[in-house]
Number of protein chains: 2
Amino acid sequence: MTPAPHRRLSRERVLAGAVRLADTHGLPAVTMRRLAADLGVEAMSLYHHVPSKDALLDGLVEAVVGEVQAEVAASGEPEGWRARLRDRCLSARRVMLRHPWAPALISSRPSVPPTAYLHYEAILTTLVDGGFSYHLAHRALHALGSMALGFVQEVFSPVPSADAPGTDPGAADLARMADALPHLVAMAESEAHDAGDPVLGWCDSQAEFEFTLDLLLDGLDRARVLTT
Amino acid sequence: MTPAPHRRLSRERVLAGAVRLADTHGLPAVTMRRLAADLGVEAMSLYHHVPSKDALLDGLVEAVVGEVQAEVAASGEPEGWRARLRDRCLSARRVMLRHPWAPALISSRPSVPPTAYLHYEAILTTLVDGGFSYHLAHRALHALGSMALGFVQEVFSPVPSADAPGTDPGAADLARMADALPHLVAMAESEAHDAGDPVLGWCDSQAEFEFTLDLLLDGLDRARVLTT
DNA sequence: ACCTGAACACCGTTCAAGT
DNA sequence: ACCTGAACACCGTTCAAGT
């Protein structure tokens, strides 16, 4: 918002500014020109600290992955592979909730930044220490997939949630689709009714995330025991 | 490639052209001006069949979802909720392999096109017919998440695969990281060694997809039995 | 060394004009 | 009704020039 008064630019300040811009106005607002203006500088000045827009986007991913590492460290790693992995995925999710633009950005990048490999190495170490063979650990890494980065799946959201209030079809829309989508409408009504519990709301999608995570962890545990 | 000789434009021809352009030159190449040139027409002509670039992108998602429905129909639906769901996810994956740009596009869209709800309704119907309560079916829908659209998770790919030959770190890069990422390097070597089997290759990531899919379906089956 | 300003080749889109 | 061409407000980026 307020053009930063500092005179000295740096890669860190550029990336921090880009993160802030994406958080407040969305990823499309992250423009070399707009970012520069936000930093109180000319567009071309950015190129002294970042080689290109593409590199800026890579830096954005790097910054988010770094936040995940910090969040994991701050949450104090528990004992046992299952709890550690669970904790790491939930930490990652908290970071993604702070930066809703991050999942789409990360999956659109052609390659993951080198620092992300530290994150995967940590997961892999936890798995191997937990008794997984490399082969099964590899499968586990893929199975965890986007959960490992805490991706909030909004691919599907039929039930109005506090997470994304504006993007769901309203009750009126659902009523109009009722004959084409009978089960979807019935489910939405049934779930909305159950949600009288005030604890729910955004917690709802937290519960979905944990349900899926536990489903995967349970399955991986079973596969691990079978091969031991 | 060859500018279409047809004189008459239509929404269908515009969308088909956009899909073809994305397939051959990637999503960034899908530009109003370039798409128009590809269709042998002026940029502004497109606006008579599509209200905006944003609507064009929505149409692109719609086209891909439509292809998924067609692929499911073509594969002849098997008996039983588990086999039907499995078949549907694998069909979706085949479509996404044909359009590698689609997953990133879909997850970057603020909302899913109305036609996608037919896809989810079909999944939900299969679940309900299979004995799932609405509550558990809702969780299942979220758990299946991106698998339901056949997303090819390339978030993580430490082992060179035929899927994305250029994007992985080469053996040289891995050797350089060896001290920072011991397990990742060891795993990559171990897996590369096992892959002497000529059947593997792109099949490898097919196997990963099916492993994860079965992990989820097994877990959902267990949850279903518990609540019955 | 870092920052600037003008310039170039692109974008999406509006609008008045053509048929 | 559909298509066009010029124009406008934006992009990312090159380059020569300033300090």
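Only the coordinates and a few stated rules stand behind these numbers; no lab work does. Computed from a predicted model, the values in this text were never measured in an experiment. Note that each Cβ is placed from the backbone with ideal geometry, even for glycine, and that neighbours are counted across all protein chains shown.
How far is residue B:48 from itself in the other copies, in nm, if each label sits 7 Å out from Cα along the Cα-Cβ line, shortest first?
5.2
Per residue, how big is the convex hull of segment A:32-116 when only Cα atoms are used? Give it in Å³.
115
Along Cα→Cβ at 7 Å, what distances in nm separate the residue A:115 label point from those on the other copies, shortest first?
Relative to the other copies, residue A:115 has label-point distances of 4.1 nm.
What average number of partner chain Cβ atoms lie no more than 10 Å from the Cβ of the residues making up B:95-105?
The shielding value for this peptide is 1.
Just for the Cα atoms in segment A:92-149, what are the lengths along the principal axes, largest first, rounded to whole Å?
Its Cα atoms span 35, 24, 19 Å along the three principal axes.
Taking a label point 7 Å out from Cα toward Cβ, give me the nm distances from residue B:226 to the same spot in the other copies, shortest first, one decimal.
Output for residue B:226: 1.8 nm, nearest copy listed first.
Calculate the mean, over all residues of peptide B:117-129, of how many other protein chain Cβ atoms lie within 10 angstrom of the residue's Cβ. Walk me through the numbers on the way to the answer.
Details: counts 10, 4, 1, 7, 9, 3, 3, 7, 4, 1, 2, 4, 1.
Per residue, the average neighbour count from other chains is 4.
In a solvent-free Debye calculation with one equal scatterer on each Cα, what is log10 I(q)/I(0) for segment A:11-165 at q = 0.09 Å⁻¹, listed in the order of the q values?
-0.34
Just add up the charged neighbours of residue B:77: K/R +1, D/E -1, any other residue whose Cβ is under 13 Å from the Cβ of residue B:77.
On the way: positive: B:82, B:84, B:86, B:88; negative: B:71, B:79, B:87, B:129.
Within the 13 Å Cβ shell, the charges total 0.
Any idea how far the Cα center of segment A:15-72 sits from the one of segment B:6-27, in Å?
33
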